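First up is the structure itself, then whatever we jot down about it.
The values are calculated or read from the model by the stated rules, or taken from the named source; none is laboratory data. Please read these numbers as outputs of a predicted model, since none were measured by experiment. For neighbour counting, all protein chains shown are included, and Cβ atoms are generated from backbone atoms with ideal geometry for every residue, glycine included. The area values use the complete protein model at the heavy-atom level, side chains included, leaving out ligands, DNA and RNA. Shrake-Rupley method; radii C 1.70, N 1.55, O 1.52, S 1.80 Å.
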Amino acid sequence: MQGFASPVWQDASGNSVGTAQVLMSQSDGTITIALPEAQFGTPGPNWGFTVVLTGQDGFSSDQARGFAQPAQAFLFGVCAPGGTAPICSVDPGTVPKAVDVMTPPGVSQATELDPTKGAVAIAPVTVP
């Protein structure tokens, strides 16, 4: 979902899967994404979901806002100026373009997105 474009629902290969609907509620500050059950199916035991929030960038090829060190116009900062955490020395071009992820119980978002700990992989939240 993008803030300035119609919703697009694609599989991992970029093929259209169906039509997504977006329902926005200003009163409670939520956005609901509705996917047709005919194409999606009914979630059940062992289904896994990953949700990643990025910043939109309409000028980059992947449409996700990147990072810089420190923050710059239209780029998020890896660390606050003068930061000394290990991630502060990471090449900003290799930082995952994620600002928020939904994690399963017991998984730290900070650990999951930390490229200093190896390849970043987003763990799915599994339906019981």
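Taking strands (runs of 3 or more DSSP E) that do not extend beyond segment 2-106, which have at least 2 residues that are aliphatic (A, V, I, L, M) and in contact with a strand residue (DSSP E or B) (Cβ under 8 Å, 6 or more places away or on another chain)?
Details: elements: 16-18, 21-25, 30-34.
Answer list for segment 2-106: 21-25, 30-34.
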Filter pass, V8 being β-branched (V, I, T) and either open to solvent by less than 70 Å² (accessible area, probe 1.4 Å) or under 19 Å from I122 (Cβ atoms) (or both): no
Within segment 107-120, considering residues that are farther than 16 Å from T50 by Cβ and outside any loop (DSSP other than H, G, I, E, B), the one least open to solvent (accessible area, probe 1.4 Å): P115
Filtered residues of segment 76-106 (kept if open to solvent by 60 Å² or more (accessible area, probe 1.4 Å) and small (G, A, S)): A80, G82, S89, G93, G106
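Select, from D62, D100, the only residue that is farther than 17 Å from V120 by Cα and within 14 Å of the chain's Cα centre (by Cα).
Working: D100 fails: farther than 17 Å from V120 by Cα.
Selected residue: D62, the only one of D62, D100 that is farther than 17 Å from V120 by Cα and within 14 Å of the chain's Cα centre (by Cα).
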The lone exception for Q69 - which of (1) open to solvent by 60 Å² or more (accessible area, probe 1.4 Å); (2) modelled with pLDDT under 85 it fails: (2)
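Just checking, does segment 11-23 include any residue being within 15 Å of the chain's Cα centre (by Cα) and open to solvent by 80 Å² or more (accessible area, probe 1.4 Å)?
At the first step, the residues of segment 11-23 found to be within 15 Å of the chain's Cα centre (by Cα) are 12.
Now narrow it down to the ones that are open to solvent by 80 Å² or more (accessible area, probe 1.4 Å): 12.
So far as segment 11-23 goes, yes, one or more of its residues are within 15 Å of the chain's Cα centre (by Cα) and open to solvent by 80 Å² or more (accessible area, probe 1.4 Å).
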